[in-house]
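*Asks:* Questions regarding the structure given below will be posed in turn.
The values are calculated or read from the model by the stated rules, or taken from the named source; none is laboratory data. A quick note: this is a predicted structure, and the numbers were derived from the prediction, not measured. Methodologically, a virtual Cβ is constructed for each residue, glycine included, from the backbone with ideal geometry; neighbour enumeration extends over all protein chains shown. Please note that ligands, DNA and RNA were not included when accessible areas were found on the heavy atoms of the full protein model with its side chains. Shrake-Rupley method; radii C 1.70, N 1.55, O 1.52, S 1.80 Å.
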Amino acid sequence: MNSFIRAATPKLRISAVITSLVTVTLVAAASVTYANQTEPEPVIESLPDLMVSATRSTSLPGLIAASKIIIDREQIELSGASNVAEVLSSVAGVQLQDLFGNGASVTVGMRGFGGNAAMNSLIMIDGRRLNNSFDIGPARLTGISVDQIEAIEIISGSAGVLFGEGAVGGVINIITRNSTDGATIDVGLGSHSNQRLRVSFAKRAGDWDLSVGAEKHEADNYRDYNDIEISTVDLEVGRTIDLGRVWFELSSSDEFQQLPGALITTAYAADRNASSNSTDYLDGEYRAYRAGASITLNKQWHLEVDLTKRFDDITAVQGGSSPFSQERNQSSINPRVIGQFGQSTGNLTVTAGLDYDDAGYVLGSSFGVDQGNQNVSSAYLQVLVPVTSDLKLHTGIRNSKFDSEIVSAFNYPTGASNEDSFSLLSLGVDWMLTDSVRVFLRRAENARAAKLDEHTTSTVLLDHQFGVSLETGLHISLSQTVVDISYYEIDLTNEIFFDAASYVNVNLDTSKRVGADLAILSQLSPAISVNFQLSLVDATFDSGTYVDKQIPFVARQNISAGLSYRLADAGSLHFEWLETGKRFAASDFDNSNEKLKSQNQINVTWRRKIQRFTVETRINNLMDRDNVAFATETSGGDIGFYAAPTRNFLVTVSYQPE
């Protein structure tokens, strides 16, 4: 059995900036602590139910030493977002690649990842992974209705110990709503023949609860040969038992999309809404079955376990070639125990668990058959220690092992077997300087192994990617204003990247991301709230062929600003302004082409509730800007463009019968 492990020991380099910031933070903290030192009284903490980042559990919450943003239900409703992508677009630290502007083909990136963002940002729903463990396809967000979402928790920075491989730039956890009796009917009409219909129903009867929903979405979209048709069904059945709750979920989605493809520079300039071909499409059937239990074992210990089975069946044509088909299946089991032990300084929290995934796929085309199987097993332990009532220590370890079997018609016709493994460590400190001021420091390791299809499109077996993240931050919570500031560095070795110009996956030279984030949220009056977010990142190669070159398709700055105005009986208005800075096209590693121009747009939403009806109107790109959704360097050195939508709207009417 061949091994493609290489020792990954990147240099740990702390810049003068972060050293100075840490020094100032520690000096200030010591001064405040000394000035306000008192004998702590015994306390058992009660923390917000939405925080799942410390335990991977929605029932036993906790805090992690990291930068976090919570988008709650009220913010989601005010935004008028019709899909998850529109919700996430309001966060400056999240860069989206929405190829067709409809939320159906979205890649989410955080902290300086461009063309390979999908593999370096982890998407979860209620603490369960949505990312494919075996191929590079992005997490599918189309099966998640905005109506189902209670909140979205965004954890910036590496979190590999608790969440596993791929949690490099950050973690986005979508928290669904609890079932409440009643039904809802949503009807939406908008630009480009956009039509949406969703019906949902929930009922509680004794110890049992049931929720079911069905949705249909059709649109022509703004480009030629860009039709889309999506049908989804979701079902959850749960039962409350003496020790907790057991549940079963089913989600089913049938999706058909025409794929207009990229336009090279001259074609894009002539007609940005045109299609590069008229025959490309993707037709997919996606099924997922999940079951789980949340059990209180005793006063201190709690057990969480979930099992998932996923099936994907896809037929597609891309690049005008003959049709190809892909079948994918994945099975996973994820048990974990969480223990909480009351101390005089707070709760000592222990989280320990196992993650096991077994996945396979078969890709058939006129060129032959690619197929593979990957087995991933991991064990992890994380401990939150309340050193004092104001100072908490976070530490953890994870060990992961990957076994892969691949056959590729091009590169490995006789097959190849590979083993890979890595261990990750994390250490963080969370310090409440005062009742309203919190600081944190954190060092976290991260890693990801090459996916099956990354190996098959590489001429050599790829090494696993390894990195170290350093981060410090400040959180200030005043009566009407919240301020978050953070600074980070991420050093990566053997970063895995797809070179579209050569059409192969490669291990890049060492790379570095240095950045800072600022978020301000303020309630100016009972009727008016504002927010401002700024994300800065310098993502570069720091050795090898592309030394000092910028990582392609990463903007150095992203800005988001919003204003919400409640109009009493007239409803509410919400404005948001989004700007993405200049960046090089994906795969332009030597930065030989001009940067893409900066992108900006204004979105406006009006929302009003009238008895049992709720009416929403959202206008995207109010100023009708010609933005670019994605761009990549081609094999001929040209740029292939995917146009973002110009001005468009969606009107939605919701009805809740008695």
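*Asks:* Just to be sure before I move on: is I333 on the phi < 0 side of the Ramachandran plot, at pLDDT 95 or above, in contact with a Phe, Trp or Tyr (Cβ under 8 Å, 6 or more places away or on another chain) and of a type in the set (V, I, T) in the structure I sent? Show your work before the answer.
*Replies:* Values: on the phi < 0 side of the Ramachandran plot: yes; at pLDDT 95 or above: yes; in contact with a Phe, Trp or Tyr (Cβ under 8 Å, 6 or more places away or on another chain): yes; of a type in the set (V, I, T): yes.
Taking the combined requirement at face value, the residue satisfies it.
*Asks:* Checking the structure you have, find out if any residue of region 315-322 is over 25 Å from A288 (Cβ atoms), at pLDDT 95 or above and not β-branched (V, I, T). Step through it out loud before you land on a result.
*Replies:* Residues of region 315-322 that are over 25 Å from A288 (Cβ atoms), as a first pass: 317, 319-322.
With at pLDDT 95 or above added as a condition, the list becomes none.
Within region 315-322 (the criterion being over 25 Å from A288 (Cβ atoms), at pLDDT 95 or above and not β-branched (V, I, T)), the answer is no, since none of the residues qualifies.
*Asks:* Given the options G143, G166, G109, name the one that is in contact with a Ser or Thr (Cβ under 8 Å, 6 or more places away or on another chain) and either of a type in the set (K, R) or assigned to a strand (DSSP E or B) (or both). Give the derivation first.
*Replies:* Values: G143 fails: either of a type in the set (K, R) or assigned to a strand (DSSP E or B) (or both); G166 fails: either of a type in the set (K, R) or assigned to a strand (DSSP E or B) (or both).
Residue meeting the stated conditions: G109.
*Asks:* Can you name the condition, by its number, that A629 falls short on among (1) under 25 Å from the mean Cα position of the chain (by Cα); (2) in a helix (DSSP H, G or I)?
*Replies:* (2)
*Asks:* Answer yes if at least one residue in region 290-309 is aromatic (F, W, Y), surrounded by fewer than 17 Cβ atoms within 10 Å (Cβ to Cβ) and either within 23 Å of the chain's Cα centre (by Cα) or within 28 Å of G415 (Cα to Cα) (or both), and no otherwise.
*Replies:* Step one: filter region 290-309 for residues aromatic (F, W, Y), giving 301.
Keeping just the survivors that are surrounded by fewer than 17 Cβ atoms within 10 Å (Cβ to Cβ) gives 301.
Right, trim to either within 23 Å of the chain's Cα centre (by Cα) or within 28 Å of G415 (Cα to Cα) (or both) and you get none.
Looking for residues that are aromatic (F, W, Y), surrounded by fewer than 17 Cβ atoms within 10 Å (Cβ to Cβ) and either within 23 Å of the chain's Cα centre (by Cα) or within 28 Å of G415 (Cα to Cα) (or both), one finds none in region 290-309, hence no.
*Asks:* Among residues belonging to region 244-281 that are under 23 Å from the mean Cα position of the chain (by Cα) and open to solvent by 40 Å² or more (accessible area, probe 1.4 Å), point out the one that is nearest to N221 (Cα to Cα). Steps first, answer last, please.
*Replies:* From region 244-281, those under 23 Å from the mean Cα position of the chain (by Cα) are 249-255, 257; that's our starting set.
Then keep just the ones that are open to solvent by 40 Å² or more (accessible area, probe 1.4 Å); that gives 250, 254.
Working: L250: 29, D254: 18 Å.
The selected residue is D254.
*Asks:* For residues that are surrounded by 18 or more Cβ atoms within 10 Å (Cβ to Cβ) and within 27 Å of G428 (Cα to Cα), scanning just region 519-538, find the one that is farthest from the chain's Cα centre (by Cα).
*Replies:* L521
*Asks:* Before we move on, is R583 out of contact with any Pro (no Cβ under 7 Å at 6 or more places or on another chain), under 29 Å from R111 (Cβ atoms), modelled with pLDDT of 95 or more and crowded, with 21+ Cβ neighbours inside 10 Å? Quick ask: steps written out before the conclusion?
*Replies:* Values: out of contact with any Pro (no Cβ under 7 Å at 6 or more places or on another chain): yes; under 29 Å from R111 (Cβ atoms): yes; modelled with pLDDT of 95 or more: yes; crowded, with 21+ Cβ neighbours inside 10 Å: yes.
So R583 fits the description; yes.
*Asks:* Let me ask something else. Being in a loop (DSSP other than H, G, I, E, B), touching a Gly at 6+ places or on another chain (Cβ under 8 Å) and either of a type in the set (D, E, K, R) or modelled with pLDDT of 85 or more (or both) is the filter here, so list the residues in region 169-189 that pass it. Reasoning before the result, please.
*Replies:* Applying the first criterion (in a loop (DSSP other than H, G, I, E, B)) to region 169-189 yields 169, 177-181.
Going one step further and asking which of them are touching a Gly at 6+ places or on another chain (Cβ under 8 Å), we end up with 169, 179.
Answer for region 169-189, where residues must be in a loop (DSSP other than H, G, I, E, B), touching a Gly at 6+ places or on another chain (Cβ under 8 Å) and either of a type in the set (D, E, K, R) or modelled with pLDDT of 85 or more (or both): just G169.
*Asks:* Quick one: which strands (runs of 3 or more DSSP E) sit completely within region 442-517 and have at least 1 residues that are open to solvent by 10 Å² or more (accessible area, probe 1.4 Å) and over 25 Å from D590 (Cα atoms)? Break it down stepwise before answering.
*Replies:* Working: elements: 465-477, 481-493, 496-499, 504-507.
Those strands (runs of 3 or more DSSP E) span 465-477, 481-493.
*Asks:* Sticking with this one: When G93 is evaluated against the numbered criteria (1) within 13 Å of the chain's Cα centre (by Cα); (2) closer than 29 Å to S275 by Cα, which criterion, by number, is the only one it fails?
*Replies:* (2)
*Asks:* Restricting to region 632-658, what's the tally of residues that are aliphatic (A, V, I, L, M) and in contact with a Lys or Arg (Cβ under 9 Å, 6 or more places away or on another chain)? Before you say what the answer is, go through the steps one by one.
*Replies:* Step one: filter region 632-658 for residues aliphatic (A, V, I, L, M), giving 639, 643-644, 650-651, 653.
If we keep only those that are in contact with a Lys or Arg (Cβ under 9 Å, 6 or more places away or on another chain) as well, we get 643-644, 650-651.
So the count comes out to 4.
*Asks:* Residue by residue through region 176-204, note down the ones that are without any contact (Cβ under 8 Å) to a residue 40 or more places away in the chain and among the polar types (S, T, N, Q).
*Replies:* N178, T180, S193, Q195
*Asks:* Can you pull out every residue in region 327-350 that is under 26 Å from the mean Cα position of the chain (by Cα), more than 20 Å from K401 (Cα to Cα) and either surrounded by fewer than 21 Cβ atoms within 10 Å (Cβ to Cβ) or hydroxyl-bearing (S, T, Y) (or both)? Walk me through it before giving the result.
*Replies:* Applying the first criterion (under 26 Å from the mean Cα position of the chain (by Cα)) to region 327-350 yields 327-338, 349-350.
Filter once more, keeping what is more than 20 Å from K401 (Cα to Cα): 327-328, 337-338, 349-350.
Those that are under 26 Å from the mean Cα position of the chain (by Cα), more than 20 Å from K401 (Cα to Cα) and either surrounded by fewer than 21 Cβ atoms within 10 Å (Cβ to Cβ) or hydroxyl-bearing (S, T, Y) (or both): E327, V337, T349, V350.
*Asks:* For G319, work out the one condition from (1) in a strand (DSSP E or B); (2) at positive phi it doesn't fulfil.
*Replies:* (1)
*Asks:* Given the structure, is S378 open to solvent by 50 Å² or more (accessible area, probe 1.4 Å), under 30 Å from V429 (Cβ atoms) and touching a residue at least 40 places away in the same chain (Cβ under 8 Å)?
*Replies:* Spelling it out, it is not the case that S378 is open to solvent by 50 Å² or more (accessible area, probe 1.4 Å), under 30 Å from V429 (Cβ atoms) and touching a residue at least 40 places away in the same chain (Cβ under 8 Å).
*Asks:* Which residues, counting only those in region 607-626, are of a type outside the set (D, E, K, R) and touching a helix residue (DSSP H, G or I) at 6+ places or on another chain (Cβ under 9 Å)? Give the derivation first.
*Replies:* Filtering region 607-626 down to residues of a type outside the set (D, E, K, R) leaves 610-611, 613-615, 617, 619-623.
Listed by number, the residues that qualify are T614, N620.
*Asks:* What strands (runs of 3 or more DSSP E), lying completely within region 520-616, carry at least 3 residues that are among the small types (G, A, S)?
*Replies:* Working: elements: 528-541, 557-566, 572-580, 599-610.
Strands (runs of 3 or more DSSP E) meeting the threshold: 528-541, 557-566.
*Asks:* When region 112-123 is examined, which residues are found to be in contact (Cβ under 8 Å) with a residue 60 or more places away in the chain and either open to solvent by 10 Å² or more (accessible area, probe 1.4 Å) or among the β-branched types (V, I, T) (or both)? First the steps, then the outcome.
*Replies:* Just the residues of region 112-123 that are in contact (Cβ under 8 Å) with a residue 60 or more places away in the chain, to begin with: 112-116, 119-120.
Within region 112-123, G115, M119 meet the criteria.
*Asks:* Cβ contacts < 8 Å: first residue acidic (D, E), restricted to region 637-658; second residue surrounded by fewer than 17 Cβ atoms within 10 Å (Cβ to Cβ), any location; separation 6+ or different chain. Result?
*Replies:* Note: pairs meeting the criteria are D638/I264; D638/T265; E658/R612.
*Asks:* I would also like to ask the following. Any residue at all in region 399-417 that is under 30 Å from G515 (Cα atoms) and either in a strand (DSSP E or B) or at pLDDT 90 or above (or both)?
*Replies:* Pass one, region 399-417, residues under 30 Å from G515 (Cα atoms): 399-400.
The next check asks that each one be either in a strand (DSSP E or B) or at pLDDT 90 or above (or both); those that pass are 399-400.
Yes, region 399-417 contains at least one residue that is under 30 Å from G515 (Cα atoms) and either in a strand (DSSP E or B) or at pLDDT 90 or above (or both).
*Asks:* Further, regarding this structure: Taking into account only those residues within region 124-140 that are open to solvent by 10 Å² or more (accessible area, probe 1.4 Å) and in a strand (DSSP E or B), which is farthest from R556 (Cα to Cα)?
*Replies:* This residue is R128.
*Asks:* Does S408 fit the bill of being open to solvent by 10 Å² or more (accessible area, probe 1.4 Å) and among the small types (G, A, S)?
*Replies:* Values: open to solvent by 10 Å² or more (accessible area, probe 1.4 Å): no; among the small types (G, A, S): yes.
No, not satisfied.
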